[in-house]
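Trainee: Dropping the structure in here first, questions after.
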Amino acid sequence: MPSLAPLHLQDAYVLLEPLTMEHAPTLEAAAADGELWKLWFTSAPAPGEAASYIAKALEGHAAGHMLPFAIREKTTGEIIGTTRFYEFAPELPRIAIGYTWYARRWQKSHVNTACKRLLLRHAFESLDCVAVEFHTDGRNLDSQRAIERLGARRDGVLRAHKRRPDGSLRDTVCYSVIASEWPDVSRWLSLRLERLAG
């Protein structure tokens, strides 16, 4: 069965590198661009909390169900956010992509498409996944639109599924891409990336 070994994923636009404690200061700086911790539907760490945020992600990796990355933008060399694989089910295999956030100046740019293309390619072509899932807060309409632009299909809504950081209950909107859809989704993401980055 496949396992989630740390690795680098990169293209001409971004480098996804294994998340480590050394990323804490740069992640805090990225989250400060837009004060992302104030958005109740985002998992970005508040000032002083990046180390504990990273520690939880690394615990998930040690348990075998997460693979967290820091996102480095290639033209500037800056760490601009983070993303990860999670809920890995190696017996299928199946995996989810999430815990993704970017510094405000990189939101709605080519970065999300580049990151998701790299992650989906690894999931389908290296891990041989049968499906990749995406989950987002029912109130996070921007995230839902971004996932739909990737070519993922909406599977449904899990009502009162999780608690937000402020303690309120959230509905989780679920999307997926299955293996048979990946060739078309890959072509679509490549075309979209050329337009966004061109």
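The values are calculated or read from the model by the stated rules, or taken from the named source; none is laboratory data. This structure is a prediction, so every number in the text was calculated from the model and none was measured. Cβ: placed from backbone, ideal geometry, glycine included. Neighbour counts: every protein chain shown. Remember, those area values only see protein heavy atoms, side chains included, never the ligands or the DNA or RNA. Shrake-Rupley method; radii C 1.70, N 1.55, O 1.52, S 1.80 Å.
Trainee: First compute the accessible area of region 74-192 with a 1.4 Å probe, then give the percent of it belonging to carbon and sulfur atoms.
Mentor: Working: 2730 of 5720 Å².
About 48 percent, which is the carbon plus sulfur part of the accessible surface.
Trainee: If the chain between ALA51 and ASP128 were fully stretched, how many nm would it gain, using 0.36 nm times the residue separation less the Cα-Cα distance?
Mentor: Here the answer is 24.5 nm.
Trainee: Give, as a single signed number, the net charge of other residues whose beta carbon lies under 10 Å from the beta carbon of ARG117, with Lys and Arg counted +1 and Asp and Glu -1.
Mentor: Within the 10 Å Cβ shell, the charges total +2.
Trainee: If each residue of separation counts as 0.36 nm, what is the full-extension length gain between LEU39 and LEU58 once their alpha-carbon separation is subtracted?
Mentor: Answer, rounded to one decimal: 4.5 nm.
Trainee: If we count every other residue with Cβ under 14 angstrom of ILE54's Cβ, Lys/Arg +1 and Asp/Glu -1, where does the sum land?
Mentor: Charge balance in the 14 Å sphere: -3.
Trainee: Find the accessible area per residue for region 1-151; the probe is 1.4 Å, ligands and nucleic acids are left out, and the unit is Å².
Mentor: Roughly 44 Å² per residue, with all protein chains present.
Trainee: Figure the gain on full extension for LEU7 and GLU148 (residue separation times 0.36 nm, minus the Cα-Cα span) and round it to one decimal in nm.
Mentor: Gain on extension, LEU7 to GLU148, equals 48.1 nm.
Trainee: Something else: Counting only helical runs of four or more DSSP H residues, what would the 222 nm mean residue ellipticity of the chain come to if each run contributes -39,500 (n - 2.57) and the total is spread over all its residues?
Mentor: So the calculated ellipticity at 222 nm is -9000 deg cm²/dmol.
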